[in-house]
Every structure is written in structure tokens, then in C-alpha cells.
Amino acid sequence: MSNEEPNRAARFFFHSLMQNQCHVSWKLFTKKSQDVFLKWTIEDIYDKNRKAAEFAQLGITEVRLMFENNDTGLMKSFWKRFFFASNSGTLYRFGYFNLAKEEGNRAVVEVLMKFPDGRTATTPLMMFKEKGGWKLGYVESGLPF
């Protein structure tokens, strides 16, 4: 997969998510989005079972590895919530990913959704070039979670 164009990277993010290749989607988040989701996930894990989390000494490093390794626990806790909150299925199924604006290391990809009943809707996605490739700034886009 070429990650040279922001709109292709954005589409690939949702494609990977739909294929349960969440570790690929994880790598396509910006550092800022990853950091926010790491913090939320750690808090969620500790809220659900503090004793086990403390015993396992779960921290940022361990939870990051869980994301990178497509951990099944995160599939149920984080990714399921993300999928529904972000409306990922609709974006992927009905969306056309168009590059609206690109300036240096920043871009805006507009996802134009065309529904079978004729309705349309647009969702802008902020994209940032980090570590040599385009990353989805989900948190930066102000989208729901």
C-alpha cells in the first residue's frame, strides 16, 4: 500500500479496520491520536479491573504493544467502541475519499458519503505527515469517541 497520498492513507485506515487489521489502523493514527487513545485505554483497563492491571504493571509501553499486536482484548474494548463511535462502517461503505487541501505536512481529506436513498454527507479528516507517511489525526479532527 502506497501511503504517498493523504486520501489513500485515510481510505486504507478504514479498509484495515474493516478487515480486523486494527494493528495496521493503529499505525496510521498520528502520535497525538495514539497518545490520547493510550491514555483512555489505560484508564479503561484500570477502571474495569484495577487489581489485575496493577499486578500486570500495565502502563503505556505494555498497552502500546497490545495495540501493535492486534490484542483481542482491545478488539472488544477499544476497537468496537471506536468502530461505532466513528461511524467507520458507513464511512468505508459509502465514502469517497477526496483530497480537499494539502499544505506541507498537513492535509484535509473530505469523505463524501453517497447513500442509496440519494442523501449525501461529508466528514473532514485531518491528515498529518509523520515518520515519512500520512497519518489520520482522528483526535485532531474533533470526531466522536
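What follows is calculated from the coordinates using simple rules that are stated; it is not laboratory data. Everything quoted here is computed from the prediction, not taken from an experiment. Every residue, glycine as well, gets a Cβ built from its backbone with ideal geometry; the counts of neighbours run over all protein chains shown.
Brief remarks follow.
- Taking the Cα atoms of region 1-100, the ratio Rg/Rh between the radius of gyration and the Kirkwood radius comes to 1.02.
- 16 Å Cα-Cα reach of LYS76 towards aspartates and glutamates, excluding residues that sit fewer than 8 places from it in its own chain: GLU43, ASP44, ASP47, GLU68
- In this structure, the pairs whose alpha-carbon distance is over 28 Å, taken from LYS51/LYS131; LYS27/LYS101; LYS27/LYS80; LYS80/LYS101; LYS39/LYS101, are LYS51/LYS131; LYS80/LYS101; LYS39/LYS101.
- Net +/- balance of residues flanking VAL108 in space, Cβ distance below 15 Å, scoring K and R +1, D and E -1: +1
- Electrostatic bookkeeping for SER77 treats Lys and Arg as +1 and Asp and Glu as -1; over the other residues with beta carbon under 10 Å from its beta carbon, the sum is +2.
- Helix 6-18 axis, angle to the chain major axis (alpha carbon atoms, nearest 10°): 50
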